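Just so it is clear, none of the values below were taken in a lab; they were calculated from the coordinates. Note that this is a predicted model, so its numbers are computed, not measured. Cβ placement follows ideal geometry from the backbone for every residue including glycine, while neighbour counts extend to all protein chains displayed.
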Amino acid sequence: MAESAPRRDSIRRTLLIYLGALSLIGAVLLFLAARSYGRSAADRSYDHLLVASALSIADSVALVDGQWQVDLPYAALDLLAMAPEDRVFYRVAGAEGATITGYADLPAPPALPRDGRPRLFDAVYRGEATRFVAVSRWVAGPATQGQAIVQVGQTRLAREALADDVVLRALVAIVALSLAALALVWIGVHRALRPLQKLERDLSLREPSDLKPVAGEVPLELDQLVGALNRFMARLSASNETLRAFMGDAAHQMRTPLAALRAQAQLALDEDDPVEQRRSLVTIERNASHMSRLLNQLLSDASAIHRSHLQQFETVDLAEVLHQALYESIPQAGPRPDVRLAATGEPMRVRGDALLLREALKNLIDNALKHGRSPPGRDAGPLQIALTVAEDPAWAVLTVADHGPGIAPGDAGSVFERFARGRDAAAGGAGLGLAIVKRIVDSHGGRIDLSNRVGGGLVVTLRLPRVTT
C-alpha cells in the first residue's frame, strides 16, 4: 500500500482557524457578560420594588402603649404582585425575633440590618428560590421605643424571565456580530493572500529564461520574500550566463584542436611512407595531449564555478593544502624541480573550500613549472621555484616565484581572463590557469597580485582572510 503524502500546512487554513477561534472565544465571553449583565439588571429592577415595599411596610409600624401595631399597606405588596407568576412573603418582627405579623417561618437574614440600610439576600423558601430584603426601623411611642425588623421576599420567576429576555436579545446580536466577524475574517484572509496568488500567477506565466526581478508593489510582509526571490533569480541568471559563456568558449576552444586532429588523422590514412605516417601520428598524439589538457582545465574551471557558487566553506590550514598541492603537482618521474618552501610552523587557518584552494595552488605550481627555468648562472641545473607562506594581522599570504620570463606590463590586466595568454607564454597552454585561480580567490574574499622579480621571473602573491579564533 502506497504511503499517503504528509498533510502540508496551509496559511489560509491556519489564519481561518485562529481568527475563527478568536471570534468564537469573543462570542462566548460576550454571552457570559450579557448573561451576567441580564441577571444584574433584573435584580436591580426588582430589588428597587422589593426595598420600596419593605420601607413602605416599615413606615406603617407603630408602638402604642408598649404594643406593636401594623397597618399593613397592601399597595406596597401590590407593586410586587405585578409579576403574577411570583409569590410574595412578608414578616414584621421585633428585635428579639418575635413575629408581629406575617410568615413566621421566613428564613432569617445572615445578619441583622443596621443604620436603616436594607440588607438583600437570597434563600430557598418552601422549595423556591426567593429574593429577600430586610430593613430595620426604630419606633418610638409615648413612653417607650423599640426596633422593628421588616422582611419582604419574592420568588425569582419574573427576574429570571427578564434576565432570559435580556440574554436572548443579546444572543441574537452576538450571533449576528459573530457571523459578520467570520465573514470579515474570510474576506480579510482572502484579500491578504491575494498578493501571493498574484505573485504565483506572474511567475507561472513567465518564460523559463525570464529571470528579471519581480516588479510591482507588494505588502510589507512580502518584502523579504520577494527580495530573497529576486536575489535568487539574479544568482541563477548570473549562473546561467556563466554556463552559456563557458559552453560557448569550450565549444570554440575544442573546435580547433579537433579539426587539427581530424586533419592529421586523414593525412596519416592517405600517407604510404611509414616515416611520414609516424610523423603524422606524433602530431596526432601531441594534439590529443593538448586536447586532454584543455579538457581537464575546462572541467576544473566548471568545478570552480560550481563550488564557488555553493560557498560550502570551513576552516582549513593553508600550509597543509599547499603540501597536498605540491605532492599532486610535482612530477614523480623524470628530472625533479628544485622546490624551496618557506612556511611558518604554526597552522595558517583560512575559511574556504579545501578542494578549490588546492586546485588554485596546483594551477599556480603548474604555471611555475611550465614557464620557469633554472636560475641565471646555471647551465643545466634543475628548474627552481620558491613558495612562501607568511601571515600578517589580517591575511594569510602565499607567494609562488619562478625564474621564467615574467609578465609583460600590457598583459597584467588580461591574463586573468579565460583563454587569455601572455605574449611570452609557452606553447600548449589553454589560458585557463590564472582565470581559475582568480575565480577561486575572489570567491574566498581574497586578492591575487602579479609582479616581476629582480633578475627575471614571476611572483604570484595570494592573500586570503585569516581565521584568528
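Lys212: which aspartates and glutamates have alpha carbons under 14 Å from its alpha carbon, excluding same-chain residues fewer than 8 sequence positions away?
Straight-distance partners of Lys212: Asp202, Glu241.
So what are the ³J(HN,Hα) numbers for the stretch 145-162, from phi and the Karplus equation (6.51, -1.76, 1.60; θ = phi - 60°), rounded to whole Hz, Gly and Pro as x?
Once θ is set to phi - 60°, the couplings for the stretch 145-162 become 9, x, 10, 10, 10, 9, 10, 10, x, 9, 5, 9, 4, 5, 4, 5, 5, 5 Hz.
Output ³J(HN,Hα) for the stretch 37-47: one whole-Hz value per residue in order, computed from phi by the Karplus curve 6.51 cos²θ - 1.76 cosθ + 1.60 with θ = phi - 60°, and x for Gly and Pro.
These are the phi-based 3J(HN,Hα) values: 5, x, 5, 5, 5, 5, 4, 4, 5, 6, 5 Hz.
Between Ala302 and Asp442, what is the spin-label point distance in nm, taking each point 7 Å from the Cα along the Cα→C-beta axis?
According to this spin-label approximation, the distance is 2.1 nm.
Using 0.36 nm per residue, how much length does the chain from Ala41 to Leu341 gain when fully extended, once their Cα-Cα distance is taken away?
98.2 nm
Would you mind checking which residues have amide H under 5 Å from Val467's amide H? H placed 1.01 Å from N; only 5 or more apart, or other chain.
Excluding prolines and chain starts, which carry no amide H, the hits are Arg349, Val350, Arg351.
In whole Å, what is the distance between the alpha-carbon centres of the stretch 181-240 and the stretch 92-161?
75 Å
How high is the relative contact order of the stretch 208-310? Use alpha-carbon pairs under 8 Å, at least six apart in sequence, and give a whole percent. Don't skip to the answer; put the middle values down first.
Working: 42 pairs, mean separation 21.8, N = 103.
Rounded, it is 21 percent for the stretch 208-310.
Counting only C-alpha contacts under 8 Å and six or more residues apart, can you give the relative contact order of the chain as a whole percent?
Working: 642 pairs, mean separation 47.4, N = 469.
It comes to 10 percent, rounded to a whole number.
Please give, to one decimal in nm, the separation of the simple spin-label points placed at Leu184 and Ile11, each 7 Å out from Cα toward the Cβ.
Each label point lies 7 Å from its Cα, and together they span 2.2 nm.
Mind checking which aspartates and glutamates have their C-alpha under 14 Å from Lys370, skipping anything on the same chain fewer than 8 residues away?
Answer for Lys370, where 14 Å is the Cα cut-off: Asp338, Asp402, Asp424, listed by chain and number.
Going by C-beta contacts inside 10 Å, put Glu160, Glu346 in order with the fewest on the left.
Numbers: Glu160 16, Glu346 9.
Starting with the residue having the fewest Cβ neighbours, the order is Glu346, Glu160.
Please list 3J(HN,Hα) in residue order for the stretch 104-109, calculated via the Karplus relation 6.51 cos²θ - 1.76 cosθ + 1.60 where θ = phi - 60°; whole Hz, with x for glycine and proline.
Karplus values, whole Hz, x for Gly and Pro: 6, 9, 4, x, 6, x.
Of Asp366, Asp392, how do they rank once you tally other Cβ atoms within 10 Å and put the fewest first?
Details: Asp366 17, Asp392 9.
Placing the least packed residue first, the sequence is Asp392, Asp366.
Can you put His48, His323 in order, fewest other beta carbons within 10 Å first? Please list the in-between numbers first.
On the way: His48 11, His323 15.
By the 10 Å Cβ count, ascending: His48, His323.
At 0.36 nm per residue, and after removing the present C-alpha to C-alpha distance, how many nm does the segment from Val282 to Ala52 gain when stretched out fully? Present the calculation step by step, with values, prior to reporting the outcome.
Numbers: separation 230, 0.36 × 230 = 82.80 nm, distance 12.96 nm.
That pair, Val282 and Ala52, stretches by 69.8 nm at full extension.
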